[in-house]
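The values are calculated or read from the model by the stated rules, or taken from the named source; none is laboratory data. Quantities reported herein were computed from a predicted structural model and do not represent experimental measurements. For neighbour counting, all protein chains shown are included, and Cβ atoms are generated from backbone atoms with ideal geometry for every residue, glycine included.
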Amino acid sequence: MIEDTTQTEPKAAESAEKNAAVATTPGMLSPEELDRLTDDIIAALKTVYDPEIPADIYELGLIYRIDISDERFITIDMTLTAPGCPVAGEMPGWVETAVLGVPGVSGCKVVMTFDPPWDQSRMSDEARVALDMW
């Protein structure tokens with residue numbers, strides 16, 4: 001059974017609810033450890049930017065799901081703003097590298113998906129401000 005344990009920062013709560021579900025199976029991770037790991041993973045994801053867009057991939061809504069196993073292996077489902085994005089081949093590696101830098105993470109797999117396709121409604125208010133899209 002997978003438990004939905006979405007964790008967000010207050011400013012990004014609305015975006016994160018729509019954009020990323022964080023899940024783990026009950027067991028070895030304490031709630032405190034899960035909270036810390038989740039916060040640290042989101043912070044790491046916020047360091048990854050699409051070079052053509054001045055907003056991070058988390059606030060853009062490119063992260064669809066973050067799964068944290070009891071063994072602290074992270075699986076991330078993500079998308080791109082468009083299938084033909086020039087950094088499509090590189091961005092999953094950037095995401096993996098960022099997440100692997102989080103203390104306590106044992107490994108990371110990034111799964112690229114285009115279902116559902118990304119659209120601007122997935123962006124947080126922070127991304128909308130950065131892109132002047134009101």
*Going by the structure shown, is Thr47 farther than 26 Å from Asp125 by Cβ and within 15 Å of the chain's Cα centre (by Cα)?*
no
_Anything in the range 70-109 that is modelled with pLDDT of 95 or more, surrounded by fewer than 21 Cβ atoms within 10 Å (Cβ to Cβ), farther than 14 Å from Asp40 by Cα and of a type in the set (S, T, N, Q)? List them, or say none._
Thr75
*Looking at (1) more than 8 Å from the chain's Cα centre (by Cα); (2) modelled with pLDDT of 95 or more, can you tell me which one Pro54 breaks?*
(2)
*Does Asp39 meet the test of being over 11 Å from the mean Cα position of the chain (by Cα), in a helix (DSSP H, G or I) and of a type in the set (Asp, Glu)?*
no
*What number of residues in the range 98-109 are in contact (Cβ under 8 Å) with a residue 60 or more places away in the chain and more than 15 Å from the chain's Cα centre (by Cα)?*
2
*Output the number of residues of the range 110-134 satisfying the condition of being surrounded by 11 or more Cβ atoms within 10 Å (Cβ to Cβ), touching a residue at least 40 places away in the same chain (Cβ under 8 Å) and assigned to a helix (DSSP H, G or I).*
5
